[in-house]
Amino acid sequence: AAELRSSALNNRAVSLLDLGRKKEAFATLDEALKLDAHHAESVYNKALLEWRDEIITDDEVVRRLKEAKQVSRRAGLYLGFIHIERAAADEAEEELVEALQDYELTKDISAWRALGDALMAQEKYSAADEAYQKALELKRIDDTGYFDDALKKVLSLASLPDANVIAYTYYPSR
């Protein structure tokens, strides 16, 4: 229950950020982390915001995510994202490859795309191409094509070609 509540609070914080309400977003992330101190998305979002605001260093972001990774492999995915942003492509590759050992994460397009980016930064072009191809494959929906194509088809069939659609992704813990 705490994880679901933390996820909901994290999503609220992201929405608050989109609305330019950073102070409220920080308070909401703090609330999420009080419920679950290792909630991967909340740890990542708060640490990333603090780093970009120069409140903490990149080393502190890495420390927090490594601690969260002891509880959730998903934190390793976010650690890989941070390593890419801090121009540590070799460390990003290591974290992303490890995170992709988790079956649920193998279905995450952003994980494969980030791995491709880390490999490209190291000039490992063939391996990067493989990672990008995996990301593209995951975007396909059976014979319909890609998600965007399937969505257009559904909206057209429903006579709602201009409808706004919000897509949510849920990653259950194991």
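The values are calculated or read from the model by the stated rules, or taken from the named source; none is laboratory data. Every value quoted in this text rests on a predicted model; they were computed, and no experiment measured them. With ideal geometry, Cβ positions are generated from the backbone for all residues, glycine too; neighbour counts draw on all protein chains shown. Surface areas here come from the heavy atoms of the whole protein model, side chains and all, with no ligands, DNA or RNA. Shrake-Rupley method; radii C 1.70, N 1.55, O 1.52, S 1.80 Å.
Here are the numbers:
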quantity	calculated
Accessible area of the chain belonging to carbon and sulfur atoms, whole % at 1.4 Å probe	50 percent
Å² per residue, accessible surface of the chain at 1.4 Å	62 Å²
Subset of Lys124/Lys152; Lys34/Lys107; Lys66/Lys134; Lys107/Lys152; Lys66/Lys107 violating a 31 Å alpha-carbon distance limit	Lys124/Lys152
Estimated dipole of region 29-129 in Debye, rounded to 20 [Cβ of Lys and Arg +1, of Asp and Glu -1, Cα centre]	240 debye
Lys153/Arg12 FRET efficiency (R0 22 Å; Cβ-Cβ; nearest 0.05)	0.10
Segment Glu24-Ile109, length gained on full extension (0.36 nm per residue, minus Cα span)	27.6 nm
Relative packing of peptides 123-130, 57-64 - highest average C-beta neighbours within 10 Å first	57-64, 123-130
Lys/Arg +1, Asp/Glu -1 at C-beta; region 1-113 dipole; positive extreme among Trp51, Leu17, Gln101	Leu17
Order of exposure, largest accessible area first, which applies to Asp149, Asp162 with probe 1.4 Å	Asp162, Asp149
